[in-house]
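Reading through the structure tokens given below for one structure.
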Amino acid sequence: MVPRFPRFSFKVLLVLLFALSVFILFYSVVRDASPEVIKHVRLNGKQFTHTFIHSAYYYPSSKSLGKNAVALVTTMNKRTVGKITDYKIKLVGTNRTAKFENQAWVSTYNFENIEHRLFERCDYLLITAQSNMLDNMEKLEIEAEGVLVEVPIKKPVINAPKPVIFCVSPQFAAEQWQTFLVQLHVSKKYGAHLHLYIVSMVESYFNLIREYQKMGLVSIEPWLTIKFPVTDGPYLEPNRNVELRNQAAAHTDCLLMYKEAASFVGILDMDDILIPTNANSYYEEFEREYSGDWLISALHYDKYDYKTIKVGDLGSQSLSAIVKNAERLPTKDTGKSFLRPERFNSTWSHWSRAAEKVPIYFDENGERLKEPVFRKLKTISNNGMFHLKNMYLKSLDELKGGEIPLNPTGQLAKMISDNHLNEIDEDMKKMLSLPRIAQLADTLPQEEFYMPIIFNCYNQSFYHLRDTNQMRPNILCVNAYSCDLPQREDMPCVHSDATYHSGPSMWPITYHFATNAFFSRDIGCYQ
């Protein structure tokens, strides 16, 4: 009779065989690996990754960040360590006479709430890092295990063009210039300055914006594609694995840029039109809604979807035609927020997820509270955003007369007063008749090309899933970087570009950044 092994013996044998196979696999990898690769194989829960630094701001004095504050805006792989919010970056600051070292805690959040939830599928996230350095800092470096990389310092705005700044989401393959004219002239009327990020844009449309830039009515900045120029091994492609084309990083960069100079900062898309109600300016409305309450973190406006018209002739642009031909759609889109910049150090694409339930331990006079209180996001009930969701190209003889729609929140008041509408129309007509703008009329797109392509791609990628309640953020990274954008020789585009740099190999993160950003005419209309 053949003796039988005890059942537990088979389990032990299987465990030993599995351990042996893992050891053989590990040895086969390390045996032929370079010293650099061996250096990065460690049993401490970290892995070798790459980070792109969008900006590093230095504030000699900041109302919320403190003295000699540094704030970094990065796109970082959250899987660098087990929990990315536990990671610290060692910063080294230098002035003419001294050097100072300090740690910066990285975060996906502002104070204690996250902007990107760590369970979401996207591997790359907006990651900010904040610390305090030394007086008159002239040089900023990141250090890890004795290896240093210098990071270019970006200066924040000291004097804002206006007390209200609207940070507009990065534009790519942009061609609908009519939307820009609506946003620009409405914002101009009510006292906001547009700060616009551009990835790619039809060249004639870009030339139109440049004319407004020359008059100081809009600021434009290249928003760069993430690139890791030099690496010592494979890596996960960042642009395909970050949420919504990295809008949160752009909006956070804009917030930090105007942090000490603006009274209010708005986070919005180009087609999000806000018209104040019972106020002559944004500043007046925002001050009224904040009502001096230091516990209000931000003002949140819902987006009400509309369909309306647009015309192809530059000289015939009219806000009245767009408003009076607008029809309310049965849908609403995710809203946008407007905030006091001293109450935030980061933001998400629609609102700051740090806007609610943030513990405050000191009152407005700096006195410590017995128990913490919590800031809250205030949703505006008597006003909403005029969202130009669908604009259909029409000829002038197809336009119909109509009435000004009512405020979308159900108020009996009109969306905009007749006087304000006429004033905006007159201002638009005056600006478009300027010779340097009027001469662009024949060059601007007269038909849609990229808009339908992008809409269909986005609909397939996530709009359909969202609208049918099938969106699962822990499964799907909301990103449409793979949209196929054909190029046309008769429709040249400008695209953001820069001189890209890679720092030395560092553990566990190698840092990359760019300098001398500009707009190139040699790349095309891509994301």
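The values are calculated or read from the model by the stated rules, or taken from the named source; none is laboratory data. Predicted model, so just to flag it, every value in this text is computed and none were measured. FYI the Cβ positions are ideal-geometry reconstructions off the backbone, even for glycines, and counts take in every protein chain you see. Side chains are part of the model used for accessible areas, which takes the heavy atoms of the whole protein and leaves out ligands, DNA and RNA. Shrake-Rupley method; radii C 1.70, N 1.55, O 1.52, S 1.80 Å.
A few notes on this one:
- For the stretch 261-340, the calculated P(r), taken from all Cα-Cα distances in 10 Å bins from zero up to the bin holding the longest distance, is 14, 40, 31, 13, 2 percent.
- Relative to the current alpha-carbon distance between residue 389 and residue 148, full extension at 0.36 nm per residue lengthens the span by 82.0 nm.
- With the Kirkwood sum run over all distinct C-alpha pairs, the stretch 189-308 has a hydrodynamic radius of 17.5 Å.
- Segment residue 453-residue 379, length gained on full extension (0.36 nm per residue, minus Cα span): 23.3 nm
- Candidate lysines - alpha carbon under 25 Å from residue 310, same-chain residues fewer than 8 apart omitted: 188, 189, 324, 332, 336, 389, 394, 400, 414, 429, 430
- Estimated dipole of the stretch 164-520 in Debye, rounded to 20 [Cβ of Lys and Arg +1, of Asp and Glu -1, Cα centre]: 680 debye
- Linear extension gain, residue 484 paired with residue 237, 0.36 nm per residue minus alpha-carbon span: 87.2 nm
- From phi via Karplus (6.51, -1.76, 1.60), per-residue ³J(HN,Hα) for the stretch 193-204 in Hz, x at Gly/Pro: 9, 8, 10, 10, 9, 10, 8, 8, 7, 4, 4, 5
- Heavy-atom accessible area order for 291, 204, largest first, 1.4 Å probe: 291, 204
- Rounded FRET efficiency, nearest 0.05, which uses the C-beta distance separating residue 61 from residue 95 and R0 of 22 Å: 0.90
- Evaluated over the stretch 164-520, the Cα radius of gyration and Dmax, each in Å: 21.3, 68
- Phi-derived couplings, Karplus 6.51 cos²θ - 1.76 cosθ + 1.60 at θ = phi - 60°, listed residue by residue for the stretch 71-76: 10, 9, 10, 9, 10, 10 Hz, with x used for Gly and Pro.
- Sorted largest first, extent of the stretch 138-239 alpha carbons per principal axis (Å): 54, 32, 19
- Taken over the Cα atoms of the stretch 315-418, the convex hull encloses 183 Å³ per residue.
- Of the chymotrypsin sites (Phe, Trp or Tyr not before Pro) found in the stretch 248-306, those in coil by DSSP whose Cβ has at most 15 other Cβ atoms within 10 Å are 294.
- Pair residue 429, residue 227: separation of 7 Å Cα→Cβ label points (nm): 4.7 nm
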